[in-house]
Amino acid sequence: MIDQHYGGSKGFWDFLKDRDNDNCLMGCSIKGYGKEGQLMIDGVPCGLVLNHAYSLNDIIEFKDRFDKNGKMI
């Protein structure tokens, strides 16, 4: 969906930054597709809940200290 609607992850990130600069209220959720409870990644709960609404309070960029190329993430 991100590739189709925003032209990839950079396009989606630019969209989020633009909305943040416009002082828009933003939120997100994780579709459960019939499942409920915690989202499991590799069999381990990650702390996020399926079908739950989350607010985005800020959009920030920072350097990945593990990336030798100094990319922003």
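Residues in region 1-34 that are surrounded by 12 or more Cβ atoms within 10 Å (Cβ to Cβ), closer than 13 Å to His52 by Cα and not small (Gly, Ala, Ser): Ile30 only.
So, in region 36-64, exactly how many residues are modelled with pLDDT under 90 and either over 16 Å from the mean Cα position of the chain (by Cα) or more than 27 Å from Lys10 (Cβ to Cβ) (or both)?
Final tally of qualifying residues: 2.
The values are calculated or read from the model by the stated rules, or taken from the named source; none is laboratory data. All values derive from a computational prediction rather than experimental measurement. As a convention, Cβ positions derive from the backbone with ideal geometry for all residues, glycine included, and neighbour counts pool all protein chains shown.
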